[in-house]
Amino acid sequence: MKQSLADSLVQTAMPDTLAQSVVGDAALPMQAEGVLMREVSIAEMLGSQSVNTIPAVLVEEGGTLIDDWFFQLLALLLLTIFIFFIARHKHQIFTMLGRMLRGRLPEDYSAGRRDEVLTRSFLHSSSVIGVLLVTLLLTKYAPLWLPESFDISAGWQSTVAAALSVAAIFAIGVFEQGVLRIIGIVTHNGDVVGTMLYIKRAYFALAAIAMAPIFLLGILSAEKVTAGWNILLAAECAVLTLLFIKETLTFFIDKKIPILHWILYLCTVEVFPLSLIWALTTRS
């Protein structure tokens, strides 16, 4: 009785067209306990247009894109530009570092002396290095901030991350320059605004020159010592940020501008765009 009941259940739950034991694409007839069964292919079960796919894992959670071809191409470009920059502007680099260490850089803030220490060519070249450096930093850790809703193949993830990074950098630069220019027009203090922009460009150049070799050594070194380079890079960034804050505070005091205006400047021009992009990224 039990056997006949089991046979009826098999015939009901596994009819001739669906009874299967998938081993391959071939369909071979089998005889089991009086029930005729055969293997069927996936296309026969799910339809001729079905596709057997395996979800592709682009980058492990918390990983980086350091082995991606586009990231390596950008790193090679940064290295090449940095070498040519050092060879061409080494005298200006040592002059700028010496004046900063001796506290004499504020003497160069006047419009007539700015080009004597840091020429336009020097500032433009260092800006390119800085943009490339920040782009590489953001692209390296793109898996941490790229929205999961982005359906990007593994070969193009770094390209999209780099494009978004460059767009964010230029958006911040345009916003900061626009706000400072508007303040200069409203308050009729164009010279003060010009000096602030000069200070920002000087420290951006200093950050690019100081951080680029550390970053390049970090991505070229063995994985065991990468953490050490990253700690050194973070410490260097923190020191440069503190020096920039000190420099701007000293400038505001020398110009007899209220400290409240300096705090408003930091919050509006420096902190707000970064915090906005951070909030949008984490929200995504």
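Some points to look at:
- Which listed residue, of M196, M211, is aliphatic (A, V, I, L, M), within 21 Å of E270 (Cα to Cα), surrounded by 14 or more Cβ atoms within 10 Å (Cβ to Cβ) and more than 25 Å from the chain's Cα centre (by Cα): M196
- Inter-residue pairs, beta-carbon under 8 Å, first in contact (Cβ under 8 Å) with a residue 12 or more places away in the chain and in segment 188-216, second open to solvent by less than 10 Å² (accessible area, probe 1.4 Å) and among the β-branched types (V, I, T), 6+ apart: M196/T248; I199/T248; A208/I129; I209/I129; A212/I129
- Meeting the requirement of 3 or more residues that are at pLDDT 75 or above, under 22 Å from S158 (Cβ atoms) and in contact with a Leu (Cβ under 7 Å, 6 or more places away or on another chain), the helices (runs of 4 or more DSSP H) wholly within segment 40-131 are 69-101.
- Restricting attention to segment 227-264 and to residues that are in contact (Cβ under 8 Å) with a residue 40 or more places away in the chain, under 20 Å from I182 (Cα atoms) and in a helix (DSSP H, G or I), the residue that is farthest from the chain's Cα centre (by Cα) turns out to be F251.
Results for (1) of a type in the set (D, E, K, R); (2) at pLDDT below 90; (3) touching a His at 6+ places or on another chain (Cβ under 6 Å), shown as yes or no for each residue.
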position: I209; (1), (2), (3): no, no, no
position: N230; (1), (2), (3): no, yes, no
position: I245; (1), (2), (3): no, no, no
position: D254; (1), (2), (3): yes, yes, no
position: L260; (1), (2), (3): no, no, no
position: I263; (1), (2), (3): no, no, no
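- The set of residues in segment 216-226 that are among the small types (G, A, S) and either outside any loop (DSSP other than H, G, I, E, B) or closer than 19 Å to G130 by Cα (or both) contains only G218.
- Matching residues, segment 265-281, being open to solvent by 80 Å² or more (accessible area, probe 1.4 Å) and touching a residue at least 24 places away in the same chain (Cβ under 8 Å): L274
- Matching residues in segment 247-264 - criterion: being over 20 Å from R201 (Cα atoms) and surrounded by 14 or more Cβ atoms within 10 Å (Cβ to Cβ): I257
The values are calculated or read from the model by the stated rules, or taken from the named source; none is laboratory data. Worth saying up front: this structure is predicted, and the values here are computed from it rather than measured. Quick reminder, even Gly has a Cβ in these numbers, built from the backbone with ideal geometry, and neighbours come from all protein chains shown. The protein model used for the area step is the full one, side chains on, heavy atoms only, and it has no ligands, DNA or RNA in it. Shrake-Rupley method; radii C 1.70, N 1.55, O 1.52, S 1.80 Å.
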